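The values are calculated or read from the model by the stated rules, or taken from the named source; none is laboratory data. What you see is a predicted model; the values in this text were computed from it and never measured. FYI the Cβ positions are ideal-geometry reconstructions off the backbone, even for glycines, and counts take in every protein chain you see. Keep in mind that these areas ignore ligands, DNA and RNA; they rest on the heavy atoms of the full protein, side chains included. Shrake-Rupley method; radii C 1.70, N 1.55, O 1.52, S 1.80 Å.
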Amino acid sequence: MSKLNEFSSISELSQALHDKKLSATELAQDTLAAIKSYPDNKLFLHIDEGLSLEQAKQADAMLANGSASALTGIPIAHKDLFVTKGWRTTAASKMLANYISPFNATVVEKLLQAGSVNMGKLSCDEFAMGSGNENSAFGAVKNPWDNERIPGGSSGGSAAAVAAGLLMGATGTDTGGSVRQPAAYCGVSGIKPTYGTISRYGIIAYASSLDQAGPLAHSAADLALLLDSMSGFDPQDSTSLEYCDADLNAQGRILKDFQAHQAQGDKPLKGLRIGVPAEFFNAGLADDVASAVDAAIKQFEALGATRVDISLPNTHLSIPAYYVIAPAEASSNLSRYDGVRYGHRASEYTDLFDMTSKSRAEGFGEEVRRRILVGTYVLSHGYYDAYYLQAQKVRRMIIEDFQRVLKDQCDVIMGPVTPNIARTIGVNDNDPIADWLSDIYTLGVSLAGLPGMSIPCGLGGPKHNLPIGLQIIGNYFNEGQILAIADTYQQHTNWHQRKPGQA
Amino acid sequence: MDWEIVIGLEVHTQLSTKSKIFSRSSTKFGAEPNTQANAVDMALPGSLPAMNRGAVERAISFGLAVNATVANRSVFARKNYFYPDLPKNYQISQFELPVVIGGQLSFLVGEEPCTINLTRAHLEEDAGKSLHEHFTGPHGESSSGIDLNRAGTPLLEIVSEPEIRSAEQAVAYARTLHSLVVWLGMCDGNMQEGSFRVDANVSVRPKGSTKLGNRCEIKNLNSFRFLERAIQYEAQRQIELIEDGGRVTQETRLYDADKDETRSMRSKEDSHDYRYFPDPDLPPLIISDDWIEQVRQSMPELPAAKRQRYSSDMGLSDYDAAQLTMHKDTAEYFEAVAKQLPADQAKLAANWILGDLSAHLNKDEIDISQAPVKPASLAGLIKRILDKTISNKIARDVFTAMWDGDGEADAIIEARGLKQINDTGAIEAMIDEVLAAHPDIVEQYRAGKQKAFNSLVGQVMKAAKGKANPQQVNAVLKEKLA
């Protein structure tokens, strides 16, 4: 059992480190040992104790010379989609099985500068394509709450590692729900901030207009610390924002907002209007999820908030729109993997065309190939207007749905993250579309670029031991606000403190 | 059957920015392979493009120079195709919304003025280079090498309307465009290094027809001579093909300079579906009217404006004005000289620059910027002609001496005693002597032989060792023989 389990928050652990109750090095050693003895050996794709301990040493130096921050010495890990110097970056694909990046992703660099200690690279769905971490070329990851079930995806490894108590936080990426959904399935908290607030430089691109990094951790308060450190304008990413409305997109913005929205008293959330979309409570929603989410919203009402019924009429269109736009962008983003400069190159081929074809056929898994083919198709001459262009128009409609309600009907939107609790591993093997359909509540938020988060709000399933997540969606740049609202909820409930096996 | 040749030119100009269009790698030519290619150029996982402002400014200046519309909003698009010298296997270009729309280019074809409309100009990145010789793979198989130094160099692709009707016109258009981009400082124009590459779209149709025939694109012509020859060959090839009952297939062709012919590019890439879509990694390029105005203010006076000034204000012929404005250095040299002379003597400055100075530059194979005789020195020489210190003929010798480093005009004139004899009395005396010494030539002149006059002038100049003022000699001699 890792030492981490003695601490209920990053702040508490940080205090202990500052008070010299333990050193970053001891903590790192202990964490590495816990990871080593963790039964699911598919969780981490690359561990290098030397590199981790070196970072721990740096952290101890920072703690000694007074330059430490709230994240110094805190054990984290990166989804294997963030390029790292030293550790391999595989995107959970055979295509990049032996790839080592000469540079760190901006997010990795920022967390490193803050003194956090990287424990290694976490498994995920290959090239971020999937909702169950079954699409990793290196083996499916197990949900710590039930080893027969998926942890969710694509950031399944990140969610599982935090849920298993192996880390205080992990980085993930969310393109259509890939941070929120595994957070929900694994009973941890996760957030995808407003598109453009975190640099995408160094994140292996899946769908450029949708990808956004986000942290996973045990609580909204922990998320706030991680998110603040990860965020900021990066000139190397042309889609990175310099300003969030009037505020500079820089460290401090989110923590400031988080603190400003902290509420005390009997009815701390008085005045908060929570929009609940009718379309999120459709026929596909399982009863146990519906009740848990309902109960959570009632809890918010008990804290003073008002529930408002709203409509997001184009919710059902988010699935076709997303599954046209994301594969289209992915098909182009993944063209660079041709075996010429890096990555897998076939060992036998007759000419250039053959080399490229074979390398890609051998390097990419089925879901990746499926999405590249779909993406190529929808961008083709004769189909572009009917598919890609049309999907972008639908995207505009979905954005307008959200803006209409957030303008004057409600301040935040709440609903389920997923229609069900985590399913069994392997169940959708012959039906790839079934997984696509379960993204219905998360896709719209990604298409609109809005901040969205997931926090544990109940347990369901046949034995009432499988986590259920509540989704909280805010308006642009309001990540600090929704984190504060979630934090208030977490001060009055303890779903986020439940651990696997203790349910 | 009378045929009409229809030509449209697409010119790729490498922009003169220090770094690449979407990465900060150097664009300097000639470095060791793959030493100027960073993570972005190599398309490493996680790399992203970031726009180079200087490339945009050069595009704006081009748009202004050809009177085009500079788009306030243009969009970068991905052009998708697989090739090893294109690391991302897509090229970032512009498709539906380019940065420059329309425009015209005016020039002379011989003496005939001509204006060709431009369709558009857009920004894009250059690919790397494939080298197919001198490489062997691990098993001894012949291989190709990829050098990514060039990958990511900024290009402005300039597209003309298919209004060009002859190889000659095409060359004149290309030369004028070349001149202009060098003039603006946006491209170094070095065709050997690939800074200025021309693709020619050629088709033929019966004269009078308005329907366009199938066109062939001849790619990567990097000399004006090749451009001319390639168009001529291709037009002929198409005409013969059609007259023989065949059809022209729309395809991409290359010009083989050794064989002086075009041939089809063996390719699977010919009928490519590029699957263009707006690049989600780059926001739309927003160019405010203020920015356009800022660039306009910082632009040099354009050749067309200078030509206008030289003709109307300085009295130069259109031809001379055109010659002087082929290169900015030449125009600036000319203006520097003319500034130091009386306003009505600009023509004299033009003559000297287009005549003796040019001849010396050609002989020594140097540019005007490297001329050993600077504008002030040439002006000094011309002043001595104007004040009659020396004759034009003597001045030419003095110029050569100045070119060879013998010093300024005054010093040379003094040292060699070249001062012209302007004194009427002295000239009269010399003429009297010559007339007395050559009665036979005088006889011939009186008999009507004009040549005899010149002969007498020659004798006078010989006696004066070339230093007599020739206008005076002529005038006085005429008087005396009258």
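Being among the charged types (D, E, K, R), touching a residue at least 40 places away in the same chain (Cβ under 8 Å) and within 19 Å of A:G426 (Cα to Cα) is the requirement here; does A:D146 meet it? Judged against the criteria, A:D146 is a match. Between B:A167, B:A172, B:A151, which is open to solvent by less than 60 Å² (accessible area, probe 1.4 Å), at pLDDT 95 or above and within 14 Å of chain A (Cβ to nearest Cβ)? Answer to the check: B:A151. Taking the stated definitions as given, is A:I433 of a type in the set (A, V, I, L, M, F, W, C), within 21 Å of A:G177 (Cβ to Cβ), open to solvent by 30 Å² or more (accessible area, probe 1.4 Å) and free of Cβ contacts under 8 Å to residues at least 40 places away in the same chain? So A:I433 passes the test.
Selection of first residues in region A:183-212 that are outside any strand (DSSP E or B) and of second residues that are of a type in the set (F, W, Y) and open to solvent by less than 10 Å² (accessible area, probe 1.4 Å), restricted to Cβ pairs under 7 Å at least 6 apart or on distinct chains, gives the following pairs, ordered by first then second residue: A:G202/A:F82; A:I204/A:F127; A:Y206/A:F127. The residues of region B:333-355 that are among the acidic types (D, E) and modelled with pLDDT of 95 or more amount to a single one, B:E335. Taking the listed residues B:S47, B:S61, the one that is open to solvent by less than 20 Å² (accessible area, probe 1.4 Å), away from chain A (no Cβ under 14 Å) and at pLDDT 95 or above is B:S61, with no other qualifying.
Scan region A:351-387 for residues that are in contact (Cβ under 8 Å) with a residue 24 or more places away in the chain, at the interface with another protein chain (Cβ under 10 Å from one of its Cβ atoms) and among the hydroxyl-bearing types (S, T, Y) and the total you get is 1. Going through (1) modelled with pLDDT under 95; (2) more than 11 Å from chain A (Cβ to nearest Cβ) one by one, B:S144 falls short only on (2). When the criteria are applied in full, A:Q264 meets the requirement of being surrounded by fewer than 19 Cβ atoms within 10 Å (Cβ to Cβ) and closer than 19 Å to A:Y489 by Cβ.
Scanning region A:321-330 for residues that are within 8 Å of chain B (Cβ to nearest Cβ) and either of a type outside the set (D, E, K, R) or closer than 17 Å to A:S101 by Cβ (or both) yields one hit, A:A328.
Every listed requirement among (1) β-branched (V, I, T); (2) open to solvent by less than 40 Å² (accessible area, probe 1.4 Å); (3) modelled with pLDDT under 90 is met by B:I412 save one, (3). Within region A:127-182, being open to solvent by less than 10 Å² (accessible area, probe 1.4 Å), among the basic types (K, R) and in a loop (DSSP other than H, G, I, E, B) holds for no residue.
Exactly one residue out of A:N147, A:N118, A:N143 is farther than 30 Å from A:G375 by Cα, modelled with pLDDT of 95 or more and in contact with a His (Cβ under 7 Å, 6 or more places away or on another chain): that is A:N118. Residue pairs whose Cβ atoms lie under 9 Å apart, sitting 6 or more positions apart in sequence or on different chains, and linking a residue in region A:227-240 that is within 14 Å of another protein chain (Cβ to nearest Cβ) and touching a residue at least 12 places away in the same chain (Cβ under 8 Å) to a partner that is of a type in the set (S, T, Y) and surrounded by fewer than 20 Cβ atoms within 10 Å (Cβ to Cβ), are A:F233/A:Y243. Restricting attention to region B:190-204, the residues that are outside any strand (DSSP E or B) and either open to solvent by less than 10 Å² (accessible area, probe 1.4 Å) or touching a Lys or Arg at 6+ places or on another chain (Cβ under 9 Å) (or both) add up to 3.
When A:L312 is tested against (1) open to solvent by less than 10 Å² (accessible area, probe 1.4 Å); (2) within 11 Å of chain B (Cβ to nearest Cβ); (3) assigned to a loop (DSSP other than H, G, I, E, B), exactly one condition is not met: (2).
Kindly indicate whether any position in region B:419-426 is at pLDDT 90 or above and open to solvent by 40 Å² or more (accessible area, probe 1.4 Å). No, the conditions are met nowhere in region B:419-426.
When A:Y243, A:Y201 are screened for being within 14 Å of chain B (Cβ to nearest Cβ) and surrounded by 22 or more Cβ atoms within 10 Å (Cβ to Cβ), only A:Y201 passes.
One residue is enough: does region A:279-293 have a residue meeting the conditions at pLDDT 95 or above and either within 14 Å of chain B (Cβ to nearest Cβ) or in a strand (DSSP E or B) (or both)? Looking through region A:279-293, none of the residues is at pLDDT 95 or above and either within 14 Å of chain B (Cβ to nearest Cβ) or in a strand (DSSP E or B) (or both).
Residue count for region B:78-100 satisfying the condition of being part of a strand (DSSP E or B), out of contact with any helix residue (DSSP H, G or I) (no Cβ under 8 Å at 6 or more places or on another chain), crowded, with 23+ Cβ neighbours inside 10 Å and within 14 Å of another protein chain (Cβ to nearest Cβ): 0.
Residues in region B:280-291 that are touching a residue at least 60 places away in the same chain (Cβ under 8 Å) and at the interface with another protein chain (Cβ under 8 Å from one of its Cβ atoms) were compared, and the one that is farthest from B:N52 (Cα to Cα) is B:D281. Contact annotation: residue pairs with Cβ atoms under 6 Å, 6 or more positions apart or on different chains, pairing a residue in region A:247-258 that is aromatic (F, W, Y) with a partner that is buried (at least 22 other Cβ atoms within 10 Å of the Cβ), are A:F258/A:A224; A:F258/A:G480; A:F258/A:L483; A:F258/A:A484.
If you filter region B:235-269 down to residues that are open to solvent by 60 Å² or more (accessible area, probe 1.4 Å) and within 14 Å of another protein chain (Cβ to nearest Cβ), you find that the one that is modelled with the highest pLDDT is B:R266. With respect to the conditions (1) in contact with a Phe, Trp or Tyr (Cβ under 6 Å, 6 or more places away or on another chain); (2) more than 9 Å from every other protein chain (Cβ to nearest Cβ); (3) open to solvent by 30 Å² or more (accessible area, probe 1.4 Å), A:G343 lacks only one, and its number is (2).
Within the option set A:T89, A:T84, being surrounded by 24 or more Cβ atoms within 10 Å (Cβ to Cβ), touching a residue at least 60 places away in the same chain (Cβ under 8 Å) and within 14 Å of another protein chain (Cβ to nearest Cβ) holds for one residue only, A:T89.
Go through region B:420-445 and give me each residue that's without any contact (Cβ under 8 Å) to a residue 24 or more places away in the chain and charged (D, E, K, R). B:D423, B:D440, B:E443, listed by residue number.
Listed here are the helices (runs of 4 or more DSSP H) enclosed by region B:369-446 that have at least 3 residues being touching a Cys at 6+ places or on another chain (Cβ under 9 Å), and there are none.
Here A:I455 does not fit the description of being open to solvent by 10 Å² or more (accessible area, probe 1.4 Å) and among the aliphatic types (A, V, I, L, M).
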